[in-house]
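The values are calculated or read from the model by the stated rules, or taken from the named source; none is laboratory data. Nothing here was measured: the structure is a model prediction, and the numbers come from that model. We place every Cβ from the backbone using ideal geometry, glycine too, and count neighbours over all the protein chains shown. Note: accessible area is taken over every heavy atom of the protein model, side chains too, but ligands, DNA and RNA are not part of it. Shrake-Rupley method; radii C 1.70, N 1.55, O 1.52, S 1.80 Å.
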Amino acid sequence: MTPPPPPPTDEVERFTSGHNVAVDVAAIERDLAALWRKANTGSVSVTRACSWNLVVHTSTDAEFKQAQPLADALVASVPSRTVVLNDRPNATGTEVEAFVTANCKMLPGGGKLVCTEEITIEARGRGGEHLPSLLRALLVPDIPSAVLWSDLPPNNAMVAELLVGVDRVILDSTRASELFRVERLGAQVTSRVADLNWLRSAPLRLIIAAAFDAPSDPAMLFKLRRVSIDAGPDADSSARLLIGWLGARLGWSSPERHTERGARGWTMSRQDRTLQVELRAAERGLTGVTFESDEGVRVRLDVTPSAVTIDTQGTKRSVPFSQRSDADLVVAALGSRGSDKLYQSALHFAVELER
Amino acid sequence: MHAWATSEEVFVADRTNNPLRQGLVGERLPEPASIVIFGASGDLTKRKLLPALYTLACERMLPPSFAIVGFARKAMTDEEFRAEMKEACSKFARSRPLDPAVWDSFASGLFYQQGDYEDLASYQALKTRLATIDAQRGISGNRVFYLSTPPSTFPVAVARLGAAGMVDPQADRPFTRVIIEKPFGTDLSTAQTLNREVLGVLSEKSVYRIDHYLGKETVQNLMVLRFANGLFEPLWNNRYVDHVQITGAESIGIEGRGGYFEQAGILRDMVQNHLFQVLAITAMEPPVSTSADDLRDEKVKVLKALRPIPEGRFDEFVVRGQYRAGTVAGRRQVAYREETGVAPDSKRESYVALKIHIDNWRWAGVPFYLRSGKAMPKKVTEVALVFRGAPLRLFGETARVAPQPNVLAIRIQPDEGVSLRFGAKVPGNTMDIQPVNMEFRYGTSFGTEPPEAYERLLLDCLLGDQALFTRGDEVEASWKWISRIHKAWETERGEVEMYDAGTWGPDESDRMLLRDGHQWRRP
Ligand SMILES: NC(=O)c1ccc[n+]([C@@H]2O[C@H](COP(=O)([O-])OP(=O)(O)OC[C@H]3O[C@@H](n4cnc5c(N)ncnc54)[C@H](OP(=O)(O)O)[C@@H]3O)[C@@H](O)[C@H]2O)c1
C-alpha cells in the first residue's frame, strides 16, 4: 500500500484539502474567515454551504474514532458547520486548543468548490468547562443546531449547559442497558431527542406493519395471545423498543415481568384479556418476531441481514431488507423522522418493562 | 390506560385500518397492488417506468405484496421480460449498480402477458392472469393500469378495460386507477372527446393524467417557496412584479422524431402541458389545502383567466420559430427542414414565444412571457420574476451604472435552485452599483439526490394522491387557449421565423419584448 501523501505545507491548501489548521482559541471565527478569504483568491470559486450546526461531543478515544467518520460522511449529505468537542477531563496539557478544516467537493460541471467547515476543540482537564461558552460563540445564527453522541450522553452539568437552546439531540441507545436514562434526558431538554437505535429499526417496523395489511386481517393484532422476539445481547434494547412500539400502538398495559424457560417475559393486559410477551435469546441481532392470536393464527417474521421472510399460516413471502448506514440515520434524525411522535410512547412503554 | 395514550389513539380495527401503520413517519407505503403496463415493450417502460419502480423497491417504498405485469403485442415470456427489464434498470435506474437481493425479489414480481389492445379476449386473459398473480402474491385486487402506448390506443384500451369488467369507477377498495401518458389530446376538441371516452368508463378520481413536470422536485418547490414562506407572497403580484419570464429550452434538435414532431410542434409538445403547469403554479392563488382538488381548482382558475389573444392580432402575442443549421455547444446541428421525416417546406415550429395576460386582480397588467425551443444554446427550464424598480433613483446622479431590476429566478432544471439578484455597492470611493446574485442551490444545501419525477408520480398514484396529476378540466382549459393559436396558424398566412441552431431564438421574439420595454434574460 502506498502511504498517504504528506499534508501540504501551505496553510490555505492544508485547510481546503481537509487537514487541520491550528487557530487561536480566542479568535476562531476571525481566523476561519481569513482562511476562507484566502481560499477564495484562487482560480476556482469556493461556496460555503451550511444548513445545520452539528455538534459532536466525545469524551473517549473510542467515541472520537467513531464520531469523526460519521461527521465526515454526514457533511456529504447535510452541509453543516461541524463542531467536534473532544472533551478529556482526565488528560493533561494545554487546556483548550482549536483546529479548523474544510470539507470540499467539486460541484458536478466543475468550476465551483462547495465546502463545509469543521472546527475541532480539544479540551483537557478543566478545559471542558469552557466548551459550552465556546460553542455558543461558534454556532452559525438562524440555522438549527444538533448535538450528536454515538452512545448516551454523560450525565453532568457541562452536558446540561451544552444542551440549552439546541434543536435536536441525537444519541444511540443501542448499548444502553437502561432506557430510562434516555427518557429522563428527554424530559430535561426542550429539544427533540432522536435515537439512532429507533431509526435503525424503522425498516423492520414498516415490514412488521405491512405483514398485517390486507389480505391479512389487522384485527388479529387485537386478539394476540403471545408475541415472541428473538434477539441477541447486542439487540436487547432494540428488542425492548420494539415491544414498546407494539405495546403503545396496540394498547397493552401493566407489564408484569417473569422468567420462563430462560426467556425473559412479561404478562400484559390488553382490553379485558392478557397476553404473553417474551424476549428469547438469540446469538446476534434481532432475528425473528412471532405473533400468535387467540384463534391460533400465527405470523412469523424471520430477519436476516438482506431479507425478512413473512410466514402467515405457512404462506411465505420474502421482502428485501437492508440496514441504513449510520450517516444515513443521522440525516434521517435531522429530518422529520428525528421528531417521531411514536418514539416517545414506545420509549415510555419500554421503560415500563424495566420496572 | 397509559398517560401517553391520547384520545386520537382509540384504535379501531377493521380490515382496512392497520393500527401498526398509524403514525409511521417518513414512509409512505402503498397498499399491496399490481401495476399493469400497457405498451411494456416500449421505450418509456425501459427508460423510465421500470427503473423508477425498481428504485422505489430499493428505497422500500413498494409494498411487500406487489406485482408488475407488462402487457403488449410483442411475444415474450416472463423470463425474457425480466431479462429485458434487468438490462433497462441497470442502465437507467437512479440506484445503480443493481443490488442482486433487491433485484431478485423485485423480479419475482415481474410478469408479462401478451395481448392485443383491441381484442376483448386479451383483456379477459389478462384478468384471469391477474387473479392468479393476486392469489400467488397476496394482493387483494388493487390495480393500476399504466397506458404507455401511443395516444391513439387510449380510448380503446379504456373501453376494453370497462367491457371486461376490470374497472369499477365507484369502488375505493380494491382500487382501480388508470394512468394516462401524454399527450392528452392534440387540441380542444380531441381532448374533450378523450375526456368523454375515458370518463364514460372511469370516474375522475381514478384517472391519473401524467405531466411528468409536476413530478419534478423544483416544480413542487415553487409551491413551497411561495406558500411556506412569509417573505415572497406579499411581493407576488402586480404591485411589485413588472413581468414574468418562463423558459423551457432544450439543446437537442428533434432527434429523428420528425414524424411525431411535424404533427406536434413545440407548442403542443412543451407549452400546452409542461410550461402551462409551471405558469399555473407560478400564478395561482394560495390553495385552501394541498389536497388534489383544492390545488387543481386554483390552477384551473389561472388557466381560465388567460386573456384570449384578440382575433387577427396573433403576431403581436405569438412568435413561432424554426431552427436553421448551426452549432450547439460545439456540435453541428442540421436544419429542422433537413431532419428525417420533415417536409422541406415545413412551417412546423421548433420554437415559440408567447406574451400572455392573466386577467385577475393579482396579475392585471403584468405580462407573462413564455418561450420554448429546440436547438437552443443549453437545456434549461426556469421561471423568473422581474420586479419593478425602486420608486426613486436615489443614486441616479452618482451611480455610473443604472441599477438593474431585482430578479427572483427559480431554476427547475438542471442545477435546481433559486437566485435573487439585487444591486450592491462596489467597494471603493464611488457609488457604483453592481448587480449581485444570492444563490440557493439544491445540490449544495441538500446532499441527497431528489427522486426522479416518475418515481414520485408512480408512488403518488399507488397512494391515491392526485395532486400532481392533471384534471380533465385543467387539460381542456389549457387546450382552449392554445388551440386558437393553432387555428390562427392554419388560417392566417403568417410566416415562421428562422433562427440559427445554438442561439436563443428568432429576432422577432426579442422584438416582441422590446416593444414592451423588456428583454429576455440569458438563463
Ligand atoms: N418516451 C418518452 O420519453 C415519452 C415521454 C413522454 C410521453 N411519452 C408517452 O408515453 C407513451 C409511450 O411512449 P413510448 O416512447 O414507450 O412509445 P413506443 O415505444 O412508441 O410505444 C410503446 C408500445 O406501444 C405499442 N405500440 C406501438 N405502436 C402502436 C400502435 N400503433 N398501436 C398499438 N400499439 C402500439 C408497442 O408495443 P407492442 O407493439 O409490443 O404492442 C410499443 O412497444 C406514449 O403515449 C408517449 O406519447 C413518452
Segment A:15-166: antiparallel DSSP beta bridges as a percent of all, rounded to 5: 40 percent
Where N is the number of residues in segment B:158-262, Cα Rg divided by 2.2 N^0.38 Å: 1.53
Using a Förster distance of 45 Å, the FRET efficiency for B:Asp510-B:Glu197 (Cβ separation, nearest 0.05): 0.55
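Nearest 5 is fine: what % of DSSP beta bridges in segment A:84-237 come out antiparallel, could you say?
Counting DSSP beta bridges with both partners in segment A:84-237, the antiparallel share is about 50 percent.
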Charge dipole magnitude, Cβ of K and R +1, D and E -1 - the protein assembly as shown, Cα centre, debye nearest 20: 860 debye
At least 10 Å² accessible surface lost relative to isolated chain, residues of segment B:58-75 (1.4 Å probe): B:Glu59, B:Arg60, B:Pro64, B:Ser65
Set of aspartates and glutamates with alpha-carbon distance to A:Lys341 below 16 Å, sequence-local pairs under 8 removed: A:Asp167, A:Glu183, A:Asp195, B:Glu8, B:Glu9, B:Glu27
Segment A:200-352, accessible surface, carbon-and-sulfur percent (1.4 angstrom probe): 48 percent
Longest segment of chain A lacking GluC sites (Glu not before Pro) that sit in a DSSP loop with at most 12 other Cβ atoms within 10 Å: A:1-282
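What FRET efficiency would be calculated for the residue pair B:Lys205, A:Ala263, taking the C-beta separation as r and a Förster radius of 51 Å, to the nearest 0.05?
0.55
Taking a threshold of 27 Å on the Cα-Cα distance, which of the pairs B:Lys48/B:Lys374; B:Lys301/B:Lys374; B:Lys74/B:Lys487; B:Lys74/B:Lys182; B:Lys48/B:Lys304; B:Lys355/B:Lys425 fall above it?
B:Lys301/B:Lys374; B:Lys74/B:Lys487; B:Lys48/B:Lys304; B:Lys355/B:Lys425
Whenever you get a sec, compute what percent of the accessible area on chain B sits on carbon and sulfur atoms (1.4 Å probe).
53 percent
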Under 18 Å from the Cα of A:Lys316 - lysines, other chains or at least 8 residues apart: none
Alpha carbon convex hull of the protein assembly as shown, volume per residue in cubic angstrom: 208 Å³
Within the protein assembly as shown, percent of DSSP bridges classed antiparallel, to nearest 5: 60 percent
Cβ-Cβ FRET estimate between B:Val288 and A:Ala281, R0 fixed at 45 Å, reported to 0.05: 0.20
Chain pair B, A: total accessible area buried, heavy atoms, 1.4 Å probe, Å²: 3700 Å²
Residue-normalised accessible area of the protein assembly as shown, expressed per residue, 1.4 Å probe, Å²: 43 Å²
From the C-alpha gyration tensor of chain B, square roots of 5λ in Å: 42, 30, 23
Chain B: angle of helix B:120-137 to the longest principal axis, Cα-based, in degrees nearest 10: 80 degrees
Helix B:453-463 vs. chain B, principal-axis angle (Cα, 0 to 90°, nearest 10): 50 degrees
Cβ neighbours within 10 Å from other chains - mean over A:203-213: 6
Gaussian network model of chain A, springs between alpha carbon atoms under 10 Å - residue of A:Ser254, A:Ser325, A:Ser306 with greatest fluctuation: A:Ser306
log10 of Debye I(q)/I(0), alpha-carbon scatterers only, for chain A at 0.10 Å⁻¹: -0.71
For segment A:202-345, convex hull of alpha carbons as volume per residue, Å³: 123 Å³
Rounded to 10°, Cα long-axis angle of helix B:217-227 versus longest principal axis of chain B: 70 degrees
Eligible lysines near A:Lys105 by straight Cα distance, threshold 19 Å, same-chain separation 8 or greater: A:Lys38
Solitary cysteines of the protein assembly as shown, where the nearest other Cys Cβ is not under 4.7 Å: A:Cys50, B:Cys58, B:Cys89, B:Cys461
